[in-house]
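Just below is one structure, and these are the notes that go with it.
The values are calculated or read from the model by the stated rules, or taken from the named source; none is laboratory data. Here the structure is a predicted model, which means the values were calculated and not measured. So basically every Cβ, Gly included, is an ideal-geometry build from the backbone, and we count neighbours across all protein chains shown. Accessible surface areas use protein heavy atoms only, side chains included; no ligands, DNA or RNA. Shrake-Rupley method; radii C 1.70, N 1.55, O 1.52, S 1.80 Å.
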Amino acid sequence: MKEIIINITSLEIRVATLEDGELVEFLVEREQSRRLVGDIYLGRVNAILPGIQAAFVDIGYDKAGFLHANDLAGSLDAFREFDIVETPRRRGKRKEPREKNGTPPIEKLLQKGQEVLVQVTKEAIGTKGPRLSTQVSLPGRFVVYLPNFNYLGVSRKIESRQERSRLKSLIARKKPSNTAIIARTACAGVDSKQIVGDINYLHRLWQDVKGRSEKATAPHRIHEEVGLLIGMVRDVMTDDVDRILIDNEREYKRLHQYLKTFSPSLCSRVNLYKDKSPIFDKFNIEREIEKTLDRKIWLKKGGYITIDQTEALVAIDVNTGRYVGKKDQEETILETNLLAAREIPRQLRLRDIGGIIVIDFIDMEKEANRRKVLTELRHNLRRDRSRSKAFAVSDLGLVEVSRKRVRPSLLHFFSDECPYCKGIGKVLSYDSLANKIEQWIRRIGARTKEKRIQLRVNSSLALFLEDERRQTFDAIERQYRLKIEVQDDPRLHREDFKIVSLRTFRDLVQELT
């Protein structure tokens, strides 16, 4: 049972996907932080960096977009889940769609100040600007349209050889010249007229985008991708979705009209939620969303996993916790690892974690058990819409997983960096801070002629110094014939302090640094 539950307020749109009543995916979009992926811009090249074969492109936002040379070469690597074949009528001019060798240097392809048409392929994440590509792709309900190629493709999820042959033949006959058309999974069993209509619509859209880009001045947004709702229905709504439930009448009518145009057979699966209780409370989704920020996730039988996200990678650790098993240790560990191998892919989807993920399963002695855990992990990763891959167990017993990252994870979306620890999760202890301050006071006493100084610190640290370090300060005062006045300042960060001369009011720490 697969359901999509949609909650709409004046401030945000939230979309939850349930599989057998369990939350597996969650998307949210706010008015002030609209998604950029899929938008097309006329940008201006700000800088070209031959050393990393990349360029920075101004598209009108605070952070310049990042354009790598590989995204200029017209590669179809982004569509690995499709079988790409050459159009039969163009066999005389065959090109390798994944050719990586022989690409000219980026400095020969672009110039500083040049205007270039680009599409956002990844959201800005952390300090990195959005990822850009000059190879535009326009997704429709049934096909993906790529100008300036001459290929066709069919989703590998369409298993029927007869259906694949029908789609290849249809696209080869109907696709516009110098374009690539890729049949999505939703194409399976769809009437030819609907597929052709989708192709023609996307072709007209591309002609419109080209026309507007020729008249615009960079930086300028040329095409805005459809919002979260329509995009979700377009990309996700297939025969395996049993129901869409939405609590906003206006958006319900809009979704219904979209499906009526492109997939009339699915209209009956969209329903308007009318109960008085909040829709996410009804399906116990709110509680699950709150858990997505937790570091520790409990498994059945008492085991648990921990998820730690860093800028470079995500580390996941598996522990037996309270689970002691019934027979031997190896069986207890195997059972815990299998439960983790089912839960980890769900958490990756739910938290929208991408990039490099390193999983530290509990060590197992038997090779057969290690294979069993890896097989279970790969099996559950197949449910993920984002492209992911689990590699073999390393010599250290770790499993590496790569998952396509398009947008920041939910942790980064819902939270801000801690103003105290700056993201590291730790602050200096009072003892460490006190020792650091004492070293500075001794340095000032030895290297200056100051007789009276004022120490300004956070209120909590000032209390600690007065209670725990007063005798030490008295000893320093006698040693250097120096008067120390402690002044609490609640505006200061716990780790910040200032030592000021009471004669000249100079910042002595800054002066001696």
Fill in: Test for ASP242: is it surrounded by fewer than 17 Cβ atoms within 10 Å (Cβ to Cβ) and under 28 Å from the mean Cα position of the chain (by Cα)
yes
Worksheet item: Just a yes or no: is a residue in region 493-508 acidic (Asp, Glu), touching a residue at least 60 places away in the same chain (Cβ under 8 Å) and buried (at least 16 other Cβ atoms within 10 Å of the Cβ)?
Response: yes
Worksheet, complete the sentence: Residue pairs qualifying under the 8 Å Cβ cut-off, at least six apart or on distinct chains, with the first in region 295-320 being in a helix (DSSP H, G or I) and the second being buried (at least 17 other Cβ atoms within 10 Å of the Cβ), are LYS300/LEU339; LYS301/TYR323; LYS301/GLU335; LYS301/THR336; LYS301/LEU339; GLY302/THR320; GLY302/TYR323
Worksheet item: Yes or no: LEU152 aliphatic (A, V, I, L, M) and under 30 Å from ASP62 (Cβ atoms)?
Response: no
Practice prompt. Using the structure shown, decide if GLN454 is open to solvent by 80 Å² or more (accessible area, probe 1.4 Å), at pLDDT 90 or above and closer than 18 Å to ARG442 by Cα.
Written response: no
Practice prompt. Looking only at region 332-352, decide whether some residue is open to solvent by 70 Å² or more (accessible area, probe 1.4 Å) and more than 25 Å from the chain's Cα centre (by Cα).
Written response: no
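Listed here are the residues, each with its yes/no results for (1) in contact with a Phe, Trp or Tyr (Cβ under 9 Å, 6 or more places away or on another chain); (2) at pLDDT 90 or above; (3) of a type in the set (Val, Ile, Thr).
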site: GLU159; (1), (2), (3): no, no, no
site: LYS175; (1), (2), (3): yes, no, no
site: ILE181; (1), (2), (3): yes, yes, yes
site: CYS187; (1), (2), (3): yes, no, no
site: ASP191; (1), (2), (3): no, no, no
site: ILE199; (1), (2), (3): yes, yes, yes
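Yes/no per residue for (1) in contact with a strand residue (DSSP E or B) (Cβ under 8 Å, 6 or more places away or on another chain); (2) modelled with pLDDT of 95 or more; (3) surrounded by 17 or more Cβ atoms within 10 Å (Cβ to Cβ); (4) among the polar types (S, T, N, Q):
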{"position": "ARG407", "(1), (2), (3), (4)": "yes, no, yes, no"}
{"position": "SER415", "(1), (2), (3), (4)": "no, no, no, yes"}
{"position": "ILE424", "(1), (2), (3), (4)": "no, no, no, no"}
{"position": "VAL427", "(1), (2), (3), (4)": "no, no, no, no"}
{"position": "ARG442", "(1), (2), (3), (4)": "no, no, no, no"}
{"position": "LEU461", "(1), (2), (3), (4)": "yes, no, yes, no"}
{"position": "PHE473", "(1), (2), (3), (4)": "yes, no, yes, no"}
Worksheet item: Here are some conditions: (1) in contact with a helix residue (DSSP H, G or I) (Cβ under 6 Å, 6 or more places away or on another chain); (2) open to solvent by 70 Å² or more (accessible area, probe 1.4 Å). SER192 meets all but one. Which one does it not meet?
Response: (2)
Discussion item. Any residue in region 393-417 that is polar (S, T, N, Q) sitting within a Cβ distance under 8 Å of a residue that is in a loop (DSSP other than H, G, I, E, B)? List the pairs, counting only those 6 or more apart or interchain.
Written reply: SER402/PHE391; SER409/ASP352; SER409/ILE353; SER409/GLY354; SER415/LEU293
Response to the item:
For ASN101, the lone unmet condition from (1) exposed (fewer than 14 other Cβ atoms within 10 Å of the Cβ); (2) at pLDDT 55 or above; (3) not in a strand (DSSP E or B) is (2)
Item to complete: Report, by residue number, each residue of region 353-397 that is open to solvent by less than 50 Å² (accessible area, probe 1.4 Å), assigned to a strand (DSSP E or B) and either closer than 21 Å to ARG295 by Cβ or of a type in the set (A, V, I, L, M) (or both).
Response: GLY355, ILE357, VAL358, ILE359, ALA390
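Okay, residues lined up against (1) under 20 Å from PHE142 (Cβ atoms); (2) among the β-branched types (Val, Ile, Thr); (3) out of contact with any strand residue (DSSP E or B) (no Cβ under 8 Å at 6 or more places or on another chain):
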site	(1), (2), (3)
ILE195	yes, yes, no
ASP198	yes, no, no
TYR201	yes, no, yes
TRP206	yes, no, no
Worksheet item: Scanning for something assigned to a loop (DSSP other than H, G, I, E, B) and at pLDDT 75 or above, does region 64-87 turn up at least one residue?
Response: yes
Item to complete: Please work out which residue is most open to solvent (accessible area, probe 1.4 Å), limiting yourself to region 213-239 and to residues that are small (Gly, Ala, Ser) and modelled with pLDDT under 85.
Response: GLY227
Worksheet item: For region 10-62, what are the residues that are closer than 16 Å to HIS220 by Cβ and part of a strand (DSSP E or B)?
Response: ILE40, TYR41, LEU42, GLY43, ARG44, VAL45, ASN46, VAL57, ASP58
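Yes/no per residue for (1) acidic (Asp, Glu); (2) assigned to a helix (DSSP H, G or I); (3) touching a Phe, Trp or Tyr at 6+ places or on another chain (Cβ under 6 Å):
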| position | (1), (2), (3) |
| --- | --- |
| GLN207 | no, yes, no |
| ALA218 | no, no, no |
| ARG221 | no, no, yes |
| GLU225 | yes, no, no |
| LEU229 | no, yes, no |
| ARG234 | no, yes, no |
| LEU255 | no, yes, no |
| THR261 | no, yes, no |
